[in-house]
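Everything below concerns the one structure shown next.
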Amino acid sequence: MPHRNTEPLGPLPRPDGDLRKATAPDPSSPSRDEFNRVLHRLDDLTQQVAAANRELAIQFQRLAQVQADIDLIRGAWAKTTQGQ
């Protein structure tokens, strides 16, 4: 069984400065409403990007299918022209 230290830790060191004093908000920091508007806009943009990614995936699948069809036609054409 490992040895457990049972000695008290003592007082925790106090941080520099007095935490009880309220500080004035930074005038350059956004308000809660501004922050929420930015978060809402970010959420909208995230959804738009996700929708665009889904659309691109569908278009790439269609393009791959067209390319596969062209390859089949090219192969069939090559077989018909070899015998001539």
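Shape analysis of region 32-78 based on the Cα gyration tensor places the equivalent ellipsoid semi-axes at 45, 4, 4 Å, largest first. Full extension of the segment from GLU34 to ALA78, taken as 0.36 nm per residue of separation minus the current Cα-Cα distance, would add 9.4 nm.
Need the full-extension length gain, GLN47 to ASP71, defined as separation in residues times 0.36 nm minus the C-alpha distance. One decimal, nm.
5.0 nm
Each reported figure results from applying straightforward, stated rules to the coordinates on display, with no laboratory input. On a predicted model such as this, the values are computed, not experimentally measured, just so you know.
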